[in-house]
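Just so it is clear, none of the values below were taken in a lab; they were calculated from the coordinates. These figures come from a predicted structure and were not determined experimentally. Because the Cβ atoms are built from the backbone with ideal geometry, glycine has one as well, and the counts that use them run over all protein chains shown.
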Amino acid sequence: MTASSSFMLKKAVSAGLIMTLLGSTIGCTVASSGYNNQPIYRGDGGYNTVNYNLAKQQLRQDLRRQGYQVMDIRADNYRGNRVLKAYAKKGNQAYEFIYSYPNLKLLNSSKKQWAEVGHDKGYNNGKYNHNKRYDNDDIEDRIKKDSRYPAIKQRAIRKVTAMGYRVKDIELDEKNNRGVFEIEAKKGSQEYEILLSYPNLSVIKIEKD
């Protein structure tokens, strides 16, 4: 092979490597840009609906396991960061908890007077005012106004009991714009989360907790 041919071959190989590296860099840049442009929050400043509902459900379960009755969870801002604020009570004491979103790290907790909580959440002296609506709770409020609600709730408890579970807690929740009963139950030493549809009480999910 002549010196000229060897030089041309090396030049071609070098050019190929440069193009390959350049292509990889461009590919990575495009992939990275596409990932970073994924909307974490909606354009209206609200929270991504799916992620928010999952975080809200997880937080509600965590607080209930700690013995709190969860009155409401809502999106808010705290020191310039998006957070979830949970209003709950234990006994006759009301609390406000602030958690980071979406990793649910407790940032602040404080005791509240009922009047303070009721101003935003529709509670007054421990009683709920159904005319006060907030967040995705419109569906829950509407169902609770239904004259059949207390009886259907008792039927849900009896149904789960007849399935061999001991009901520890039952709450009405909203999923996919429909009402569901979210039930914490126990069978033996194992705890379960059970979802029943409202009002026909079809079993949506039974999951070990």
>> Taking the Cα of K111, stepping 7 Å toward and past its beta carbon, and measuring to each backbone N in the stretch 64-103: which are under 19 Å?
In response: 67-71, 86-98
>> For a protection proxy built on the mean count of beta-carbon atoms within 10 angstrom, sort 84-95, 143-154 highest first, please.
In response: 84-95, 143-154
> For E191, which sequence-distant residues (separation of 5 or more, or a different chain) have an amide H within less than 5 Å of its own amide H, given hydrogens modelled in the peptide plane?
Replying inline: D209
> What ³J(HN,Hα) values, in whole Hz, does the Karplus curve 6.51 cos²θ - 1.76 cosθ + 1.60 give for the stretch 81-95 when θ = phi - 60°, with x put for Gly and Pro?
Replying inline: 10, 6, 9, 10, 9, 10, 10, 8, 9, 9, x, 9, 9, 8, 9
>> Modelling each spin label as a point 7 Å along the Cα-to-Cβ direction, I'd like the R65/E191 distance in nm, to one decimal.
In response: 0.6 nm
>> Please compute the length gained on full extension between Q57 and S202, using 0.36 nm multiplied by the number of residues separating them and subtracting their Cα-Cα distance.
In response: 50.2 nm
> Fully extended, how many nm does the chain gain between D76 and D209 (0.36 nm per residue separation, minus their Cα-Cα distance)?
Replying inline: 45.0 nm
> Under a point spin-label approximation (7 Å from Cα along Cα-to-Cβ), what is the D169-K90 distance to one decimal in nm?
Replying inline: 1.1 nm
